[in-house]
Amino acid sequence: MSGAYDLIVLGAGPAGVGAAVTARSHGLSVLVVDENETTGGQVYRATPQAFATRADAPANPDKKEGAGQRQSLLASGAAVAFRHSVWQVSPGYRVDAVGQGGPVHWSAPAVIAATGTTERVVPFPGWTLPGVIGLAAATILLKSQQMLPGRRPVIAGCGPLLAAVAVAVLDGGGKPAAVLDLSGPGDWLAALPALASRPDLALRGLGWVVRLKAAGVPVHFRTGIAAVRETADGLAVTPCRVDADRRPLPDGAGQDIETDCVAVGHGLTPGTEITRLLRARHRFDAALGGWVAEHDADFRTSLPGLYVAGDGAGISGAAAAHLQGQLAGLAVARDLGRLGADAHETAAAPVRKRLAAAQRFGRAMARLMALRPAHAASVAPDTVVCRCEDVTRGEIDEAVAAGARDVNQLKAWTRCGMGPCQGRMCGETAASLVAEAVGSRGAAGLWTGRAPLRPVPMDLLTGDFTYADIPLPKAAPL
Amino acid sequence: MSAPMFDVAVVGGGVMGATTALMLARGGLRTVILDRGPLCREASGVNAGTLTLHMTRASLIPYAVRGHELWLSADQWLGRGVAAVSTEGLSLAFTPAEEEMLHARAAARREYGAPIEIVPASRARAVEPGLSDQVRLAAYCPIDGFASSYLTGRAYREALVEAGAVVREGAAVIGVDSGDGGFSLRIAGAEPVRARRLVLAGGVWLEEMLGWLGLRIPVKCLINQLVVTERLRPVMRTVLSVANGLLSLKQFANGTVLIGGGWQGIGDPKRGGVQTIPENLIGNTRLARWVIPALAETRVARIWLGLEAETADAMPMIGAVPGVPDAFVIGSVHSGYTSGPYMGRLLADLILGREPERPLFDPSRLLEPQAAPALT
Amino acid sequence: MSLRIGHTVDRPGAVTITVDGTPVSAHPGESVAAALFAAGRRRLRESPRAGAPRGMFCLMGACQECVVIVGGRRVPACQTPVSEGLAVTTGVPW
Ligand SMILES: Cc1cc2nc3c(=O)[nH]c(=O)nc-3n(C[C@H](O)[C@H](O)[C@H](O)COP(=O)(O)OP(=O)(O)OC[C@H]3O[C@@H](n4cnc5c(N)ncnc54)[C@H](O)[C@@H]3O)c2cc1C
Ligand SMILES: Cc1cc2nc3c(=O)[nH]c(=O)nc-3n(C[C@H](O)[C@H](O)[C@H](O)COP(=O)(O)OP(=O)(O)OC[C@H]3O[C@@H](n4cnc5c(N)ncnc54)[C@H](O)[C@@H]3O)c2cc1C
Ligand code: FES
């Protein structure tokens, strides 16, 4: 598979689908690439195609929305490459991916990066134990695999996914051992005015405390995890009360909670690997979840032909992501000369209006999840921060004390962020620790983007070949 | 009060500038070293770290041998090592034409003192059991090795501070003026820095830097690609290269394998390394897998590009800047990471008024004729 | 007690995969990571320096903690669907 298109959309979540369908409706040839087996991204994760939904399964608004988006993409006539991991995007643009059949590449004058988000987890002792998983991971288990993360999981962290997971565990027949929310009721109340912009979602969200209380699930506000350890038959979580900045209180440790799984997440952070790889301009905005590619109101980045949409452009929720995708799709149609300026304005105006409302809700949620520096600063010296390379907080502090001034220098000095996840797991905590020393996240910088975006198997990359198939350049000087 | 006058300012904090500055500071000069970024984050911090005689230009071998020794003893003279390891090295031939090349190149390097001998494939495989069975002939050198170049900046920074040098990271020099018995360096967004002597050590940016002094010496910029794999069981123990010089391959103690050899990407001194060329990525990784078939088991973890400088005759420029008293230049050294700690010493000796142990590389041979505007 | 939620979907009949030679029952369509998790095989690797046990973490293909070997190739278990007879080897070094 290879070929040329007007537009390549990377990611088939709500943003990617919105972009592709809109661009198709203006006559562009479009390819959508995603590593999953179908559309939906993280939020509308479909169950595996081999599973059959039961007729008597409870109704689920997300599932319905996801199915609608899937249908609209199919009907749009966009080409799709599912189960393909994009590992490189080069200027101009060329997209390299690997699928089951090996390496492929495509080209297009325009690319929309709609690759979503990664979850941030601020380390604590025991966070690397098997059985401790991300909160987002728990939603994927529940939505896609129709599997409980545990019969009695501890659900911890902050933001709306806490409630979503806890309720889904109840619905699935489990019972959370506890819900530990770093936010206090006051933080939720502060988000209320924005929540009013999406009463449907706000109700779904705010009803959760009642629902969990009724089911007898203990919910602890302003509480985090001090440590997790392995026990003879599972895990034990030591909870810890925190202050408004999410700093553990000195005498805040509570009674251990026995559990079979810990699902923990401290917010979402925009996936910027493609825009970083291409060296677009970025800026740091804690309220948007971290570093984002700079973009205009139509989601054009600083590089011609490169657009962003969805969580990658700043965490703002599924509804906003879809609308952002539509705006990016319209902008591409206009920039490629398929849509006149007036027609573009006419088409974009109502979408912008809906986006403003949707964003208010999404961004209020994002604020609940934003990383508090005091939280990152509370990581203990011997706790591993970089999972791939086993780099501890203490080693990071030592490098910073010795003069490491930005995250890339830290990486060279300690290997923090050098492993296969490319700093996706440790980046936020490491950057926050460097920022404490140099004054701001802006000064601490962001990881340089590098290919491959995902590790690429050597045998797939090199394929079957003989010596004659190696295009040897001319010999080096003697 | 006017700014302090340093005895010497070194512009560019790669291995060349950092070594020179360190030796000058230890030699008693009030030294400042300036880099627009952190120390050793360009070529000197992203290179393949091969400490080899197989790839070094033949006439630079005596320098490389000294550099090799210095890296291996870095914890003694530098204070902190760069994980340098000494091992054997093999250069391989897969075709009759490459066999010939191997013979010719080994002979040329032997003349300059490299203890390289030609060995049959069976001997090569005894040294390196994981080798491909396609090898026809090999050149064997007992002196080879590698370091982890990303550790270089930290080591030099601590040593420079310890030696009393002033380290100015994040200080981009944008021009040089002369005046009251010295140079005044213009710094972007900061006060000028004044010094009696000036050392330019700007890697691929040397052409621009020499331009500040009114000189024109073209410096070619190579965009070298490197590929590192994920950790893998031990599959090799030596440094491997091929007769034509287009591969360098080694496995670090942590199990990752680094694949280099000077395959080119796209970029320039202004933008840095911009883009890998997919054909070159595939070519380079195929060659590596051809040499060590077990690499098929692992995955490519990271690809990056680094900028390497080369003069018109591909030989270094190290010495006094022609026509500008008290100004010096160092750079464009082929396999310059290996010999860097030695090259910097030689230049420091010249500046400190000691006789360098080996000849330097007079930049005046590279001057392009032009109406040299006087230094303002 | 199974972690699989039963009242929402009908799964295809269980098949057998092997994990380090031991048979494990799983349903086609499930990811290898989820199937192993449900079977109680949570430990998939050891960390490189500390040798500490690790298992699946993000389920989105980002963390690479779940990498296993299938068909001689390293793959993230969370992105790899189960099929009859699939042979999985855990303990990928890195
Ligand atoms: C697990 C999870 C659950 C969430 N649940 C909710 C929720 O219930 N409600 C809500 O409002 N928000 C939720 N969020 C926030 C949610 O991410 C956004 O609201 C929404 O999914 C954003 O849509 P998107 O299109 O920007 O990105 P995504 O939905 O994340 O889609 C990005 C897509 O890009 C693909 N991709 C990424 N990198 C590559 C690559 N290199 N190669 C190929 N494909 C790639 C991914 O596979 C993914 O399908 C959730 C987030 C996560 C992570
Ligand atoms: C990818 C790659 C692989 C290589 N592999 C090997 C190998 O295996 N073995 C080997 O021996 N050699 C290798 N080399 C060569 C070796 O890396 C170089 O010869 C050596 O590092 C050059 O050092 P340098 O100090 O001259 O330049 P650099 O390290 O590039 O230093 C120049 C410095 O000048 C600074 N600078 C530039 N402009 C300004 C300004 N205006 N103001 C202030 N500072 C400025 C830069 O920021 C930079 O830090 C490789 C090179 C590359 C690129
Ligand atoms: S669990 Fe993170 S990549 Fe599979």
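The values are calculated or read from the model by the stated rules, or taken from the named source; none is laboratory data. What you see is a predicted model; the values in this text were computed from it and never measured. Neighbour counts are summed over all protein chains in view; Cβ atoms, including those assigned to glycine, are modelled from backbone coordinates with ideal geometry. Ligands, DNA and RNA are excluded from the accessible area calculation, which covers all protein heavy atoms including side chains. Shrake-Rupley method; radii C 1.70, N 1.55, O 1.52, S 1.80 Å.
Plugging the Kirkwood radius over Cα pairs into Stokes-Einstein for segment A:379-444, at a temperature of 20 °C and a viscosity of 1.002 mPa s, what D comes out in µm²/s? Stokes-Einstein gives a translational diffusion coefficient of 191 µm²/s.
Note on segment A:233-378: Cα Rg divided by 2.2 N^0.38 Å, N the number of residues, gives 1.37.
Ordering A:P250, A:V209, A:L453 by the projection of their Cα atoms onto the charge dipole of chain A, which places +1 on the Cβ of Lys and Arg and -1 on the Cβ of Asp and Glu, puts A:V209 at the extreme positive end. Remark: segment B:246-254, residue by residue, has Karplus-estimated 3J(HN,Hα) of 9, 8, 9, 9, 7, 10, 7, 4, 7 Hz, where x stands for each Gly or Pro and the curve is 6.51 cos²θ - 1.76 cosθ + 1.60 at θ = phi - 60°. Using alpha carbon centroids, what distance separates segment B:309-369 and segment B:78-126, in Å? When both Cα centres are located, 27 Å separates them. Each of B:N254, B:V242, B:Y337 was scored by the projection of its Cα onto the charge dipole of the protein assembly as shown, and the greatest displacement toward the positive side belongs to B:N254; charges sit on the C-beta of Lys, Arg, Asp and Glu. 3J(HN,Hα) along segment A:334-341: 5, 5, 8, x, 9, 9, x, 4 Hz, from the Karplus curve 6.51 cos²θ - 1.76 cosθ + 1.60 with θ = phi - 60°, whole Hz, x for Gly and Pro. Only Lys, Arg, Asp and Glu carry charge here, each on its Cβ (+1 for the first two, -1 for the last two); on that basis segment A:379-444 has a dipole of about 240 debye about its Cα centre. Stokes-Einstein diffusion for segment B:105-234 at 20 °C, viscosity 1.002 mPa s, with a Kirkwood radius from C-alpha pairs, works out to 106 µm²/s.
Overall, the accessible surface of segment C:15-89 at a probe of 1.4 angstrom is composed of carbon and sulfur to the extent of 53 percent.
Farthest toward the dipole's positive end in segment A:121-266, which of A:A263, A:A227, A:G126, given Cβ charges of +1 (Lys, Arg) and -1 (Asp, Glu) about the Cα centre? Among A:A263, A:A227, A:G126, the one farthest towards the positive end of the dipole of segment A:121-266 is A:A263. For segment A:339-478, the alpha carbon convex hull comes to 272 Å³ per residue, rounded to a whole number. Leaving ligands and nucleic acids aside, the A/B contact buries around 4400 square angstrom of accessible area in total at a 1.4 Å probe radius. The modelled label-to-label distance between B:M5 and C:S2, using points 7 Å beyond Cα along the C-beta direction, is 8.7 nm. Shape analysis of segment A:121-266 places it in the oblate category; the axes a ≥ b ≥ c from the Cα gyration tensor give an a/c of at least 1.5, with a/b not above b/c. At a threshold of 10 Å², the residues of segment C:57-76 that become less accessible to a 1.4 Å probe in the full protein assembly than in their chain on its own are C:F57, C:C58, C:L59, C:M60, C:G61, C:A62, C:C63, C:Q64, C:E65, C:G72, C:R73, C:R74. Once backbone amide H atoms are built at 1.01 Å from N, A:S29 has A:D6, A:L7 as its partners under 5 Å, excluding neighbours fewer than 5 places away on the same chain.
Given the C-alpha centroids of segment C:5-72 and segment A:408-428, what is the distance between them in whole angstrom? So the separation of the two Cα centres works out to 26 Å. Taking every protein chain into account, the accessible area of the protein assembly as shown amounts to 35 square angstrom per residue (probe 1.4 Å).
Taking one quarter of the surface of the convex hull spanned by the alpha-carbon atoms of segment B:120-170 gives a direction-averaged projected area of 6.4 nm². Of the peptides B:85-97, A:58-70, A:264-276, the order by per-residue mean of other Cβ atoms within 10 Å, starting with the highest, comes out as A:264-276, B:85-97, A:58-70. In this model, which of A:K213/A:K353; A:K411/A:K474; A:K474/B:K270; A:K474/B:K220; A:K143/A:K213 are farther than 28 Å apart at the alpha-carbon? The pairs that break the limit, which is 28 Å between Cα atoms, are A:K213/A:K353; A:K411/A:K474.
Rounded to the nearest whole Hz, the Karplus-based 3J(HN,Hα) values (6.51 cos²θ - 1.76 cosθ + 1.60, θ = phi - 60°) of segment B:341-354 follow the sequence x, 8, 4, x, 4, 4, 5, 4, 4, 4, 5, 7, x, 9, with x at glycine and proline. The distance from the alpha carbon centre of segment B:167-203 to that of segment C:77-94 is 57 Å, rounded to a whole number. Each chain gives up part of its surface: C and A jointly bury about 4200 Å² of accessible area, both sides summed, for a 1.4 Å probe. Under a model in which nothing but the beta-carbon of Lys, Arg (+1) and Asp, Glu (-1) is charged, segment A:70-168 shows a dipole of about 240 debye around its Cα centre. Kindly provide log₁₀ I(q)/I(0) values, in the same order as q = 0.06 Å⁻¹, from the Debye equation applied to equal alpha-carbon scatterers of chain A. Debye curve over Cα of chain A, log10 I(q)/I(0) at q = 0.06 Å⁻¹: -0.27. A cut-off under 13 angstrom between Cβ atoms defines the neighbours of B:E162, and their net charge, with Lys, Arg +1 and Asp, Glu -1, is +3. Expressed as a whole percent, the accessible area of segment A:83-186 that falls on carbon and sulfur atoms is 57 (1.4 Å probe).
Heavy-atom surface analysis with a 1.4 Å probe gives segment A:379-444 a carbon and sulfur content of 49 percent of its accessible area. The amide H of A:T118, built 1.01 Å from its N in the peptide plane, has A:T269, A:G271 as neighbours under 5 Å, considering only residues 5 or more places off or on other chains. Counts of other chain beta carbons within 10 angstrom of each beta carbon in peptide A:80-88 average 1.
Using 0.36 nm per residue of separation minus the Cα-Cα distance, give me the extension gain between A:E345 and A:K64 in nm, one decimal.
Using 0.36 nm per residue and subtracting the Cα-Cα distance, I get 98.1 nm.
Placing a label point 7 Å from the Cα of B:T95 along the Cα-to-Cβ direction, the residues of segment B:109-153 whose backbone N falls under 17 Å of that point are B:134-138. The residues of segment A:33-63 listed by number as losing at least 50 Å² of accessible area in the complex, against the isolated chain and with a 1.4 Å probe, are A:F51, A:R54. Legend: Rg and Dmax of the protein assembly as shown, from Cα coordinates, 29.3, 91 Å. Helical runs (DSSP H, four residues minimum) scored at -39500 (n - 2.57) apiece and divided by the length of chain A put the mean residue ellipticity at 222 nm at -10500 deg cm²/dmol.
Grab the alpha carbons of segment C:15-89, take their convex hull, and tell me the volume per residue in Å³.
83
Evaluated with a Cβ-only charge set (Lys, Arg +1; Asp, Glu -1), the protein assembly as shown carries a dipole of roughly 1440 debye about its Cα centre, given to the nearest 20.
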